[in-house]
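One structure is given below, encoded as structure tokens.
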């Protein structure tokens, strides 16, 4: 939006999901784990829940205070005819207030041309995602939405306690220690990856994450199977570090990139409906995941991991062939990757667009010129 261009991806990738949402749920569903984490609070269980509610409310109030002061999206302002305000935001956050800075002018020109191009076909519906130009985008939205909980993390997160019991870790204190360690590990890894996503790139993070999870999950399956067969405690305990390694690979891509990447690949006019498709698909996939996992895990135990090894293999292939690199590209430049020549108009007519936008900038930045006479204003409008 209006944030510094060098930090836009970082700001999008670091959010409350730096601690995977499904793992934090595990704390409050198990009273034993909850008491170990909050052992220093001498209060009834109901009071602990009240405390959690108060803390959540305080965070919401703080978020509301920040949201009120957030700058509006320059693209939204341009689309609704507020070019002056859009230019002010770009200049403030990208050039220390200099409205004539070359970077600001370039971004302003690109936004204007991009919005004008999109408005040529302003009637947008969900059926637009069935058009050939948007097939690739729809594929990525659905694949990423499903993958957020279907690449093995869901079964480990929601059913960590049964998994630990299967490998011989039955003590509540030990399970709480493993869970707490995973939370800290997830926070560190996901935040580090989010801070470096522009330096490393999207594709390297996606590929490293999923290939790493694939091999790690295969090792977890092998160790779990060996423990189930001979009951060696060392084999069971060996699973624990590989759970950390697995989540480390998950954290470097799925936590920071899942939401950010789907927003990056969507042009302004398709973004709202694209995010709706993402959220609906993710919710349905998560619901199925939560209902299916306990039944199959109880029936075939560690053998169920083989299903996720197959899913991860498919994701590695999909990422290799279908996930484009978007590092250091503007939304208008990313549109060219997906739409080809139809989006190339942004660059093909850059000269005329820049001239038109420069005239608009001149009017916005030099209001005194409006008094130069009707002939001058008429000439500018013709341009």
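Provide the packing ranking of 131-138, 61-68, 190-197, i.e. peptides ordered by the mean count of other C-beta atoms within 10 Å per residue, highest first.
Going by the mean number of other Cβ atoms within 10 Å, highest first, we get 190-197, 131-138, 61-68.
Mind ordering 217-227, 96-106 by average Cβ neighbours within 10 Å, highest first?
Descending packing order for the listed peptides: 217-227, 96-106.
Report the residues of segment 193-212 in range of a label on residue 322: point 7 Å along Cα→C-beta, backbone N strictly under 17 Å from it.
203, 206-207, 210-211
In whole angstrom, note down how far apart the Cα centers of segment 81-147 and segment 207-221 are.
Using only Cα atoms, the two centres lie 36 Å from each other.
Full-extension gain between residue 130 and residue 279, please, as 0.36 nm times their residue separation minus the C-alpha to C-alpha distance.
51.8 nm
Which whole-number percent is the relative contact order of segment 127-340 (Cα, under 8 Å, 6+ apart)?
Taking the mean separation of contacting Cα pairs over the length of segment 127-340, I get 38 percent.
Efficiency by 1/(1 + (r/R0)^6): what FRET value for residue 63 and residue 188, r their Cβ-Cβ distance, R0 = 30 Å, to the nearest 0.05?
0.80
Throw me the Rg/Rh for segment 127-340, computed over C-alpha atoms with Kirkwood Rh, two decimals.
Over the Cα atoms of segment 127-340, Rg/Rh equals 1.01.
Each reported figure results from applying straightforward, stated rules to the coordinates on display, with no laboratory input. These numbers were taken from a predicted model, which means no experiment stands behind them. Quick reminder, even Gly has a Cβ in these numbers, built from the backbone with ideal geometry, and neighbours come from all protein chains shown.
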